[in-house]
Each structure stands twice: as C-alpha cells, then as structure tokens.
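S.K.: The structure that follows is given in the form of structure tokens.
What follows draws every value from the coordinates through simple rules; no lab data is involved. Note that this is a predicted model, so its numbers are computed, not measured. Using ideal geometry, Cβ is built from the backbone for each residue, glycine included, and neighbour counts are taken over all protein chains shown.
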Amino acid sequence: MKFRRSERLVDMTHYLLNHPRELVSLTYFSQTYQSAKSSISEDLVIIKETFESQGIGTLQTVPGAAGGVKYIPKIKLEEAQEFINHLCKLIAVPERLLPGGYLYMTDLLGDSQILNQVGKLLASAVSEREIDVIMTVATKGIPIAQTIAHHLNIPFVIVRRDNKVTEGSTVSINYVSGSSKRIQMMSLSKRSLTEGAKVLIVDDFMRAGGTINGMVDLLAEFNATVAGIAVLVESEFQEERLIDDYISLVKLTNVDMREKNISVSEGNYFSSQVDFL
C-alpha cells in the first residue's frame, strides 16, 4: 500500500512516540511506506522540527549502514518550570497534612495526567544515559517507575520489604533507615536483573536516603551499577544525607503541624544536568 506524505507523517510520528529510544532504520520506514529513503529523510526532518517546537522531544540520527533514527523524549524549560510550580502548589495544600507530619500524596500519584508529566520530566532528565532497567521499592514508587519506564521504553523491577512466593528465589539485604535508624529488610527476585545491568533508582519520597542507599547496596549483590537516582519529593534533612547525586522535582522545606503549614520549593531538577529543548 502506497502512503501519501500526510499519512506517512502521522503514522511515523505514532510509531516513534510508541518506541522511544529505539533505533529505527530508514530501510524499515522505506519498506513500510513504499517510499524512497530520501522522502523518508525529509519526513523525519519535519517530525524532528515539530517535536522540538512543541516540546515533545527530538530525533537523534545515527549514521552508517546499521544506523537510523531514535526518538529521544525531551521537554521545554518553560513547560518543566510551569509544571513543577503547579506541583509545588498542589503539595502545599494544608489538607495534605497527616498525623506525624506525613503528607497525603496518593491522589497525585493516582492522577494519570500529573503522573504522566512527572514521568516525562524525570525521563527527559535521564534520556541520554545508558539505562537498562528502572528499580523502585514497593509501593508508592511503583506508578512513578512505571511511567518513567514507559517514556524510556525499558522495563522496571520492584524491590519488596518481604518475600513473596511468586517472586521465586530472592536476594535479601538488611539496611538502616536514614531517618529512623531502624534496621529493615528489602529483597529482589534473582530473575529481575542481569549481571552488569545499568539501573535507574526511583522513589516517591526521600528524607535521609536510607531506602535508596539500601537499593544501591542491593544492586551490588547483582553486580549491577547505578545509572542515576530520581525522586518526586525530597525533604529538608538537617543531618548528613546518605545520597548526594540525585534528581528531585520538589523539595519539602518545612512542615508546621500547629499552624498547618507546608513549605515547599522546586527541587534540584533545574540545577542538575538536564538538557532542555
């Protein structure tokens, strides 16, 4: 079937958006649409310019016989700033306060639009890195990890605090919670990771970094390496934090239970090495 250019542009855009970071050869597009590679190249230039102007991402060209094109998810600086400001306002609502100074975040993690944007921002921040898999700990980090995994087109694995028979053989370690100083356990199925995997660690909330540090130690048991650390919210912590190199969207600076006041600001997203469109 011969495609008109308008049809090719729509279908190619749809394919690229659904296969982020996957190298697609010009031969594949040429055979699929029964068009010359020169025409396909012109189409890709149009798609690239549109992606970048609309803040969708960019196309990366890989030269050579085995080359092709990759869709790399990116975001505009202005769009990222607007969303993080909006997120700060949502989190600062006094009604989020729970006993003990905890924050109710379930509604945000259950909002598909907010979750998708969180995933897009964090995926954009690490889209140029070599990452094989995303790791998070049950349970609130799961939707964030899943969304980032979707935008990066890679799998994700879940670290659990107890063993499940459905996980098969597991590797377990004890770790010390950075804030409460309690010894806790986490485990991961032996089948979850391959040796030497490059892993992005994701969590919804970080205080001292004990849980994330535990996941770093767990990765060592698999001879895997940390490709990056990304969190939705980091909390102000007076003592020495166990994690230094990470990306956060929002920073919780103070919680006043008596006045029911939540103080938040943007995280280190804009000061970390993030390439914007």
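S.K.: List the lysines whose Cα lies under 19 Å from the Cα of K164, skipping any in the same chain that are fewer than 8 positions away.
M.R.: Once the sequence-local lysines are set aside, what remains near K164 is K140, K190.
S.K.: Follow-up. Could you point to the label whose value was computed as Rg and Dmax of the Cα atoms in Å for the structure here, given (i) 21.2, 74; (ii) 21.0, 69; (iii) 23.3, 86?
M.R.: (ii)
S.K.: Magnitude of the Cβ-charge dipole of the chain, K/R +1 and D/E -1, about the Cα centre, nearest 20 debye?
M.R.: 620
S.K.: I would also like to ask the following. Which value in nm describes the separation of the simple spin-label points at D111 and K76, placed 7 Å from the Cα toward the beta carbon?
M.R.: In this crude spin-label approximation the distance works out to 2.1 nm.
S.K.: While we're on this one: Taking the Cβ-Cβ separation of T50 and E221 as r and a Förster radius of 45 Å, what is the calculated FRET efficiency to the nearest 0.05?
M.R.: The value I calculate is 0.50.
S.K.: Taking the dipole about the Cα centre of the chain, with the C-beta of Lys and Arg at +1 and of Asp and Glu at -1, give me whichever of M206, L44, F270 is farthest to the positive side.
M.R.: L44
S.K.: If one computes the Cα centroid of segment 173-213 and of segment 11-30, what distance in Å separates the two points?
M.R.: Rounded to whole Å, the Cα centres lie 35 Å apart.
S.K.: Could you work out the relative contact order of the chain? I mean the mean sequence separation of Cα pairs under 8 Å and 6+ apart, divided by the number of residues, in percent.
M.R.: 16
S.K.: Here's another thing I want to ask about it. For the chain, what does the helix formula give at 222 nm: sum of -39500 (n - 2.57) over DSSP H segments with n ≥ 4, over the residue count, nearest 500 deg cm²/dmol?
M.R.: -11000 deg cm²/dmol
S.K.: Within the set K89/K198; K120/K251; K37/K198; K2/K74, which residue pairs have Cα atoms separated by over 29 Å?
M.R.: Over 29 Å apart, Cα to Cα: K89/K198; K37/K198; K2/K74.
S.K.: Could I ask something else about it? If packing is taken as the mean number of other Cβ atoms within 10 Å per residue, what is the order of 257-264, 149-156, highest first?
M.R.: Top to bottom by mean Cβ count within 10 Å: 149-156, 257-264.
S.K.: Within 10 Å, Cβ to Cβ, of S39, how many net charges do the neighbouring residues add up to if Lys/Arg are +1 and Asp/Glu are -1?
M.R.: It works out to a net charge of +1.
S.K.: Further, regarding this structure: Along the Cα-to-Cβ line of E167, 7 Å from the Cα, sits a label point; which residues in segment 131-145 have backbone N less than 15 Å from it?
M.R.: Correct set: 135-142.
S.K.: Separate question: Considering only the chain, what is the antiparallel percent among its DSSP beta bridges, to the nearest 5?
M.R.: Of those bridges, close to 50 percent are antiparallel.
S.K.: If the chain between S265 and F237 were fully stretched, how many nm would it gain, using 0.36 nm times the residue separation less the Cα-Cα distance?
M.R.: Between S265 and F237, full extension yields 8.7 nm more.
S.K.: How charged is the neighbourhood of V226? Take every other residue with its Cβ under 9 Å from the Cβ of V226, and add Lys/Arg as +1 and Asp/Glu as -1.
M.R.: Local net charge: 0.
S.K.: Report the Cα centroid-to-centroid distance between segment 224-277 and segment 43-57 in angstrom, as an integer.
M.R.: Result: 31 Å between the Cα centres.
S.K.: According to the square roots a ≥ b ≥ c of the eigenvalues of the Cα gyration tensor, what is the shape class of segment 150-244, taking rounded for a/c under 1.5, prolate for a/b larger than b/c otherwise, and oblate for the remainder?
M.R.: oblate
S.K.: Suppose the chain between D132 and D275 were pulled fully straight at 0.36 nm per residue; how much longer would it get relative to their current alpha carbon spacing?
M.R.: 49.5 nm
S.K.: For R4 paired with E195, estimate the spin-label separation in nm (one decimal), with each label point 7 Å from Cα along the Cα-to-Cβ line.
M.R.: Between R4 and E195, the label points sit 5.7 nm apart.
S.K.: Which is farthest toward the positive dipole end of segment 166-263 among V255, T166, T194, measuring Cα position about the Cα centre, with Cβ charges +1 (Lys, Arg) and -1 (Asp, Glu)?
M.R.: Most positive-ward Cα: T166.
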